[in-house]
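Readers should treat all values here as calculations from the given coordinates under stated rules, not as data from a laboratory. Please read all numbers here as calculations on a predicted model, not as lab measurements. Glycine gets a Cβ as well: all are built from the backbone with ideal geometry, and neighbour counts include every protein chain shown.
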Amino acid sequence: MAIAAKPKTGFWGTLWDLLTTVDHKKIGLLYTATAFFAFALAGVFSLLIRTQLAVPNNHFLTGEQYNQVLTLHGATMLFFFIIQAGLTGFGNFVVPLMLGARDVALPRVNAFSYWAFLGAVLLAL
């Protein structure tokens with residue numbers, strides 16, 4: 001008879017469990033947390049835009065930098081917050097529970113899709 005491994009406890013055990021999970025609920029929380037990080041970053045971009053527009057003839061940003069920040073703000077809000085938190089994070093967490101399923105069909109692919117999303121966020125920003 002096999003002996004079950006003792007579960008890791010503490011901060012590092014919890015972190016390792018979160019980073020190597022294939023549980024749809026934990027992956028949904030990871031999507032949502034990453035989406036809210038992107039939301040905060042888009043808020044910083046919004047503050048840069050508002051700072052530029054605060055006074056007439058402001059030279060805080062050049063015209064090219066302003067256009068880049070405006071584009072980054074829009075793309076971050078749309079692709080990295082609204083779609084990910086609304087559809088992917090919420091969908092990963094709630095839909096299998098609503099269907100009565102124990103897990104998603106391909107949990108490792110689901111986990112890989114989160115890590116690919118995180119890589120895309122870090123690469124784009």
With unit charges on the beta carbon (Lys/Arg positive, Asp/Glu negative), name the residue among 66, 83, 43 whose Cα is farthest towards the positive pole of the charge dipole of the stretch 23-124. 83
Between residue 47 and residue 112, with labels modelled 7 Å along Cα→Cβ, what's the label distance in nm to one decimal, could you check? 3.9 nm
Work out Dmax and Rg for the stretch 12-110 from the C-alpha atoms and quote the Rg first, both in angstrom. 18.5, 59
In degrees, nearest 10, range 0 to 90: what is the angle between the Cα axis of helix 24-52 and the longest Cα principal axis of the chain? 10 degrees
Report relative contact order for the stretch 23-124 in percent, whole number only (criteria: Cα-Cα under 8 Å, sequence separation at least 6). 47 percent
1/(1 + (r/R0)^6) with r = Cβ-Cβ of residue 64 and residue 122, R0 = 25 Å, i.e. FRET efficiency to nearest 0.05, evaluates to 0.60
Read phi for every residue in the stretch 54-64 and hand back ³J(HN,Hα) as whole Hz from Karplus 6.51 cos²θ - 1.76 cosθ + 1.60, θ = phi - 60°, with x for Gly and Pro. 5, 10, x, 6, 6, 10, 5, 10, 6, x, 5
Which distance in Å, rounded to a whole number, links the C-alpha centroids of the stretch 16-47 and the stretch 71-121? 9 Å
